[in-house]
Amino acid sequence: GAGVSQSPSNKVTEKGKDVELRCDPISGHTALYWYRQRLGQGLEFLIYFQGNSAPDKSGLPSDRFSAERTGESVSTLTIQRTQQEDSAVYLCASSLRSAGELFFGEGSRLTVL
Amino acid sequence: GIQVEQSPPDLILQEGANSTLRCNFSDSVNNLQWFHQNPWGQLINLFYIPSGTKQNGRLSATTVATERYSLLYISSSQTTDSGVYFCAVISGSARQLTFGSGTQLTVLP
């Protein structure tokens, strides 16, 4: 596609429920990143995928967070047993190559009640 | 890990004024990007500039890698320039961008 596409754009859920967020990277981009941005804050790195290599999960805040990506296609970020502190905008980015220029999607805004 | 510091944290300008935003980083970098986050939250790529100077319309950027800083210049500012400007870098063996805390720019009509 023309840009990084994320869905849903907005998600409201109740505490304790599981949520799935989806990212469709720019076609041909081998690297894919997930970041989190809490209200009024900067961007926190969560996880990085590069081709078929093992992902870099060093930024995931707890074992309730997981992500998958098949090859160089769509990625899903799953948050289990959501907590109020998970409320944030989750941003996905892709780049043509590892450590290259990143392009971000418009984000998925998650609100946990 | 690498530290990224941006200054000033907040900046208020009158429309038409010029400004300079600064980004200092603590180690050598492979990638440096400037982004504008508009009031709707969208991150817009401004420059990919690990070294050298680039210009795009009213905006220009310079990175002096040997002295570990980058500058973003905004000339003849417009109200649509308002938002948060982020500097982000990739250093060493890392593959992800590390972001600074941003500069909140408000341009008044």
Given (1) away from chain A (no Cβ under 14 Å); (2) within 26 Å of A:R38 (Cβ to Cβ), number of the condition B:P39 does not satisfy: (1)
Qualifying residues in the stretch B:78-95 (those that are touching a strand residue (DSSP E or B) at 6+ places or on another chain (Cβ under 7 Å) and either part of a helix (DSSP H, G or I) or of a type in the set (D, E, K, R) (or both)) - the one surrounded by the most Cβ atoms within 10 Å (Cβ to Cβ): B:R95
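Here's the yes/no breakdown for (1) assigned to a strand (DSSP E or B); (2) surrounded by 14 or more Cβ atoms within 10 Å (Cβ to Cβ); (3) hydroxyl-bearing (S, T, Y):
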residue	(1), (2), (3)
B:Q6	yes, yes, no
B:L13	yes, yes, no
B:A17	no, yes, no
B:R22	yes, yes, no
B:W34	yes, yes, no
B:W40	no, no, no
B:I44	yes, no, no
B:P50	no, yes, no
Count of the stretch A:37-73 residues which are touching a residue at least 40 places away in the same chain (Cβ under 8 Å), part of a strand (DSSP E or B) and surrounded by fewer than 21 Cβ atoms within 10 Å (Cβ to Cβ): 2
Sole exception among (1) of a type outside the set (D, E); (2) surrounded by fewer than 18 Cβ atoms within 10 Å (Cβ to Cβ); (3) more than 9 Å from every other protein chain (Cβ to nearest Cβ) for A:V19, by number: (2)
Total residues in the stretch A:61-103, condition at the interface with another protein chain (Cβ under 9 Å from one of its Cβ atoms) and within 10 Å of the chain's Cα centre (by Cα): 3
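For the stretch B:34-69, give me each residue that is among the aliphatic types (A, V, I, L, M) and more than 18 Å from A:S108 (Cα to Cα). Spell out how you get there, then give the answer.
Of the residues in the stretch B:34-69, the ones among the aliphatic types (A, V, I, L, M) are B:43-44, B:46, B:49, B:59, B:61, B:64-65.
Of everything in the stretch B:34-69, those that are among the aliphatic types (A, V, I, L, M) and more than 18 Å from A:S108 (Cα to Cα) turn out to be B:L46, B:I49, B:L59, B:A61, B:V64, B:A65.
The numbers here are math on the coordinates, done by the rules we state, and not lab data. What you see is a predicted model; the values in this text were computed from it and never measured. So basically every Cβ, Gly included, is an ideal-geometry build from the backbone, and we count neighbours across all protein chains shown.
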